[in-house]
Amino acid sequence: MTELDLIRIHPGAAGEVAAYLEQKSHHQVVLAADLATYKAAGEALASSLTRSGIKVHITFIKPDAQDDVIADEASLIQLILDIQRHHAEAVIAVGGGTLHDIVRYSAYTTGIPFISVPTAPSVDGFNSKGAPIIIRGEKKTIPAIGPDAIFADLDILVQAPPAMVAAGFGDMLGKYTSLFD
């Protein structure tokens with residue numbers, strides 16, 4: 001199991017992903033995002049990677065009937081099939097906790113590394129090795145993998161919706177207080 005290789009937290013950190021992938025000899029990647037996270041960071045990242053000679057396939061994780069992207073069987077199969085079809089050497093999660101859960105389990109299942117590019121400080125688990133997945137309507141945390149690298153770009157994170165920032169703050173408070181329970 002690969003441990004966290006690199007963590008970059010500063011303005012412009014997403015601009016370092018291409019060099020990292022080149023250093024690791026990853027020339028074909030799948031970038032997983034939803035429409036909002038693609039606009040927030042994925043589009044610029046995909047352009048940067050392409051300019052560096054890295055072949056990028058964008059997988060837009062499809063929302064459910066309520067227009068929510070959820071970590072369920074359908075999302076997992078969608079991403080796993082794209083990883084296989086495009087012969088990805090790594091997969092990049094561009095988004096919040098749900099997208100990271102989809103990517104971490106899909107990367108684990110396909111045996112490739114994943115790179116984290118969070119777009120909102122909405123959870124405290126970007127480096128988690130467990131993936132909460134909804135299976136037949138029941139949420140279960142399944143062992144998976146953590147990212148090989150995290151590129152937390154402060155220019156992106158400060159533009160996150162206030163509700164996502166509040167969710168991350170609440171997540172951290174809940175974890176802290178639960179230790180006393």
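The values are calculated or read from the model by the stated rules, or taken from the named source; none is laboratory data. Not measured: the values here are computed from a predicted model. Note: ideal-geometry Cβ built from the backbone for every residue, glycine included; neighbour counts use all protein chains shown. Please note that ligands, DNA and RNA were not included when accessible areas were found on the heavy atoms of the full protein model with its side chains. Shrake-Rupley method; radii C 1.70, N 1.55, O 1.52, S 1.80 Å.
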Across the stretch 94-130, the tally of residues that are farther than 17 Å from Ile61 by Cα and among the charged types (D, E, K, R) stands at 2
Tell me, which residue of the stretch 116-144 that is of a type in the set (A, V, I, L, M) and touching an Asp or Glu at 6+ places or on another chain (Cβ under 6 Å) is nearest to Gly174 (Cα to Cα)? Val123
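Got a number for residues in the stretch 53-73 being of a type in the set (A, V, I, L, M) and more than 17 Å from Gly97 (Cα to Cα)?
The number of residues fulfilling the criteria is 4.
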Suppose we filter the stretch 114-137 for residues that are open to solvent by 10 Å² or more (accessible area, probe 1.4 Å) and closer than 16 Å to Arg8 by Cβ; how many remain? 4
So which residues in the stretch 93-116 are touching a residue at least 60 places away in the same chain (Cβ under 8 Å), among the hydrophobic types (A, V, I, L, M, F, W, C) and touching a strand residue (DSSP E or B) at 6+ places or on another chain (Cβ under 6 Å), if there are any at all? Ala93, Val94, Leu99, Val103, Ile115
Go through the stretch 34-92 and give me each residue that's assigned to a helix (DSSP H, G or I), in contact (Cβ under 8 Å) with a residue 40 or more places away in the chain and not aliphatic (A, V, I, L, M). Thr37, Tyr38, Gly42, Glu73, Asp82
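Among the residues of the stretch 1-35, which ones are of a type in the set (A, V, I, L, M, F, W, C), open to solvent by 30 Å² or more (accessible area, probe 1.4 Å) and either touching a Lys or Arg at 6+ places or on another chain (Cβ under 7 Å) or under 23 Å from Ser128 (Cα atoms) (or both)?
Just the residues of the stretch 1-35 that are of a type in the set (A, V, I, L, M, F, W, C), to begin with: 1, 4, 6-7, 9, 13-14, 17-19, 21, 29-33, 35.
Now drop any that are not open to solvent by 30 Å² or more (accessible area, probe 1.4 Å), which leaves 1, 4, 6-7, 9, 19, 35.
Of everything in the stretch 1-35, those that are of a type in the set (A, V, I, L, M, F, W, C), open to solvent by 30 Å² or more (accessible area, probe 1.4 Å) and either touching a Lys or Arg at 6+ places or on another chain (Cβ under 7 Å) or under 23 Å from Ser128 (Cα atoms) (or both) turn out to be Met1, Leu4, Leu6, Ile7, Ile9.
Tally time: how many residues in the stretch 83-110 are open to solvent by less than 20 Å² (accessible area, probe 1.4 Å) and over 12 Å from the mean Cα position of the chain (by Cα)? Walk me through how you get there before you give the answer.
Initially, the stretch 83-110 is screened for residues open to solvent by less than 20 Å² (accessible area, probe 1.4 Å), giving 83, 88, 90-97, 99-100, 102-104, 106-107.
Cutting the leftovers down to over 12 Å from the mean Cα position of the chain (by Cα) gives us 83, 88.
Within the stretch 83-110, residues that are open to solvent by less than 20 Å² (accessible area, probe 1.4 Å) and over 12 Å from the mean Cα position of the chain (by Cα) number 2.
If I filter the stretch 36-53 down to residues being surrounded by fewer than 20 Cβ atoms within 10 Å (Cβ to Cβ) and either over 18 Å from the mean Cα position of the chain (by Cα) or not charged (D, E, K, R) (or both), which single residue comes out as modelled with the lowest pLDDT?
Keep residues of the stretch 36-53 that are surrounded by fewer than 20 Cβ atoms within 10 Å (Cβ to Cβ), which gives 36, 39, 43-44, 47-48, 50-53.
Still in the list and also either over 18 Å from the mean Cα position of the chain (by Cα) or not charged (D, E, K, R) (or both): 36, 44, 47-48, 50-53.
Values: Ala36: 93, Ala44: 97, Ser47: 97, Ser48: 97, Thr50: 97, Arg51: 97, Ser52: 96, Gly53: 97.
Applying the filter and picking the extreme gives Ala36.
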Answer yes or no as to whether Ile145 is open to solvent by 20 Å² or more (accessible area, probe 1.4 Å), within 13 Å of the chain's Cα centre (by Cα) and of a type outside the set (S, T, N, Q). yes
Restricting the stretch 59-69 to residues that are open to solvent by 40 Å² or more (accessible area, probe 1.4 Å) and modelled with pLDDT of 95 or more, which is farthest from Ala32 (Cα to Cα)? Lys62
